[in-house]
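As structure tokens, the structure follows; a few thoughts come after it.
The values are calculated or read from the model by the stated rules, or taken from the named source; none is laboratory data. Predicted, not measured: the structure shown is a model, and the values here were computed from it. Cβ placement follows ideal geometry from the backbone for every residue including glycine, while neighbour counts extend to all protein chains displayed. Side chains included, ligands, DNA and RNA excluded: accessible areas come from the protein's heavy atoms. Shrake-Rupley method; radii C 1.70, N 1.55, O 1.52, S 1.80 Å.
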Amino acid sequence: MTHPHRPVRGRSPRTLVLACVTALAVATTGFAVAETRDGERAAAADGRQAFDFTEGNSALEVIYPRVGPAVRKHINQIAMDGTLVLRVSALMESSWFDATAPYHPTAVGIHSDLGRRPASEATQKNLNTAMLYSTYRVMQSLMPTYDAQWREMLTSVGLDPDDDSTDRTTPVGLGNAAGNAVVEKRENDGMNQLGNEGGQKYHQRPYSDYTGYKPVNTPYDIRNPSRWQPALVSTGNGIFTAQSFVTAQLGRAEPYSFADPEDLLVSKPRSSNHRNRAAYKRQADEVLRASANLTDEQKLKAEFFNDKLIFASGFMGEISDDLMEFIHSATASHIAGFDVMLASWYNKRKYDAPRPFTAIRYLYAGQKLRAWGGPGRGTVDDMPAEDWQSYLQVSDHPEYPSGSTAFCAAQAEVGKLVGGGDKTDIRYDVEKGGSYIEPGVTPAKDTSIRWTDWNEMVDDCARSRVWGGVHFKAATEASKGLGAKVGESSYRYVQSHIEGKQVGSMR
């Protein structure tokens with residue numbers, strides 16, 4: 001029986017799949033010991049893990065199983081949203097690109113130009129070694145409190161984390177040099193990773209907003225129904241927290257594949273203006289109807305597209321047995337993820353639009369609603385409008401456009417370009433009662449959801465945000481074009497580095 005919440009990926013040569021998701025989202029344990037073809041063995045200290053350097057994929061077998069759980073824990077302590085997860089993915093995987101570019105006939109790194117190595121050195125073992133060291137250096141910078149885990153990532157496969165050589169004639173040196181270059185280029189790229197932006201000398205707060213954003217509304221008072229309202233959230237322990245706009249500065253960070261997010265503005269969200277009452281009410285009523293008529297399938301799709309680690313780990317192009325091709329696809333996928341979030345956040349800040357819960361409570365204050373009644377409660381007819389909540393927990397940033405939909409569209413565009421068409425094969429299996437919002441209740445039976453077309457997947461991703469009650473339809477529709485545009489620009493950007501046509505750093 002399949003694991004609840006486990007996406008299943010195909011292995012045929014041209015099958016488009018969810019690539020990193022399985023490893024990042026569900027892998028948490030070691031691997032069985034196995035010998036390489038030439039008899040080499042790299043076993044962990046506990047004797048459980050072995051990695052075949054000559055045939056294995058260090059991303060899927062060593063890196064993701066350690067980075068995924070650590071990122072989930074780390075990000076949940078900071079914010080529920082996926083922007084920081086996407087940053088980790090983009091920086092880590094672009095370091096793989098740079099570390100292995102010298103072994104490719106034409107590729108030139110994104111953050112560095114480390115020269116070219118002889119074709120005879122372009123072995124699987126060298127690629128894997130370079131990837132592991134570049135990951136180590138990047139993760140030391142991004143999540144230094146997990147240093148012991150990053151060290152174990154190397155020692156578990158027989159590598160020395162204290163080897164800081166930058167000798168470009170060796171895979172260790174290339175990995176270290178590539179990782180160091182990513183750190184140098186991105187630690188002060190506008191995301192405030194170090195907490196020092198805005199001249200913050202003391203008590204630095206990593207990733208804090210230094211741009212001065214302040215919401216018009218409070219969790220307790222709707223001062224302007226046309227603007228974003230922070231929600232009051234709780235983990236069920238009696239402590240309630242007012243949301244703040246997570247990484248509000250993201251729109252000022254340095255993108256990879258385009259020059260200026262101002263060139264990627266989406267149309268103004270006119271229906272979110274409460275003075276346009278008919279349109280404002282119409283989109284709120286659409287969310288209410290969805291809330292009152294949720295099916296098991298809609299709930300599961302909403303949960304799938306809402307899981308921020310699955311979401312951020314990327315809908316990769318084809319899984320290739322060629323490690324270099326895998327690296328290039330992964331880099332394109334996650335640069336697209338980072339860049340589309342940057343563009344989305346730029347738009348979110350510009351329009352500062354309200355979430356459905358604000359509009360519904362404003363429009364129907366003092367009235368009773370028909371809607372989803374909470375986990376396991378089904379649909380009720382007597383809910384006070386002030387108590388209405390979305391099926392999904394509302395995210396901590398303005399509503400328009402939908403970052404999740406934009407991400408799906410960007411990943412689909414990369415998938416189409418990598419695979420040469422619209423066809424894909426993505427399956428999501430959930431056991432009876434395997435919902436994380438309604439455990440033991442939803443779904444009523446073992447359920448398998450499958451997408452065989454990228455466009456179909458994007459449409460479901462968009463609809464799921466309305467089903468989940470966290471977006472209006474207009475926000476999801478505006479995001480499709482934005483995502484497709486950034487997906488294409490990211491693919492072309494990485495392709496230019498593969499072909500050696502674009503030399504050096506980001507734009």
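Quick look at the values:
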| read-out | value |
| --- | --- |
| Where SER120 falls short, out of the listed (1) assigned to a loop (DSSP other than H, G, I, E, B); (2) open to solvent by 10 Å² or more (accessible area, probe 1.4 Å) | (1) |
| When residues of region 131-166 are limited to those that are over 22 Å from LEU194 (Cβ atoms) and within 24 Å of the chain's Cα centre (by Cα), the one surrounded by the fewest Cβ atoms within 10 Å (Cβ to Cβ) | MET153 |
| Residue ID - nearest to SER134 (Cα to Cα), chosen from residues in region 182-209 that are open to solvent by 60 Å² or more (accessible area, probe 1.4 Å) and over 23 Å from the mean Cα position of the chain (by Cα) | GLN204 |
| Among residues of region 249-286, those that are buried (at least 17 other Cβ atoms within 10 Å of the Cβ), assigned to a helix (DSSP H, G or I) and within 25 Å of the chain's Cα centre (by Cα), counted | 6 |
| Enumeration of residues in region 188-230 that are farther than 28 Å from GLU254 by Cβ, in contact with a strand residue (DSSP E or B) (Cβ under 9 Å, 6 or more places away or on another chain) and touching a residue at least 40 places away in the same chain (Cβ under 8 Å) | GLN229 |
| Matching residues, region 245-279, being in contact with a Phe, Trp or Tyr (Cβ under 8 Å, 6 or more places away or on another chain) and hydroxyl-bearing (Ser, Thr, Tyr) | THR247, TYR256, SER257, SER271, SER272 |
| Selected residue (only one of TYR346, TYR364 is among the aromatic types (Phe, Trp, Tyr), under 22 Å from ASP260 (Cβ atoms) and surrounded by fewer than 24 Cβ atoms within 10 Å (Cβ to Cβ)) | TYR346 |
| Complete set of residues in region 468-501 that are open to solvent by 40 Å² or more (accessible area, probe 1.4 Å) and either of a type in the set (A, V, I, L, M, F, W, C) or not in a helix (DSSP H, G or I) (or both) | ALA474, GLU499, LYS501 |
| Some residue of region 419-437 being in a helix (DSSP H, G or I), of a type outside the set (Asp, Glu) and more than 21 Å from PRO255 (Cβ to Cβ) | yes |
| Odd one out for GLY420, checked against (1) within 20 Å of ILE335 (Cα to Cα); (2) surrounded by fewer than 23 Cβ atoms within 10 Å (Cβ to Cβ); (3) touching a helix residue (DSSP H, G or I) at 6+ places or on another chain (Cβ under 8 Å) | (3) |
| Residue list for region 383-396, restricted to those being under 19 Å from the mean Cα position of the chain (by Cα) and open to solvent by 10 Å² or more (accessible area, probe 1.4 Å) | GLN393, VAL394, ASP396 |
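Residues checked against (1) at pLDDT below 95; (2) in contact with a strand residue (DSSP E or B) (Cβ under 7 Å, 6 or more places away or on another chain):
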residue	(1), (2)
TRP451	yes, yes
ARG465	no, no
GLY469	no, no
LYS473	no, no
LYS480	no, no
ALA484	no, no
TYR491	no, no
GLN502	yes, no
MET506	yes, no
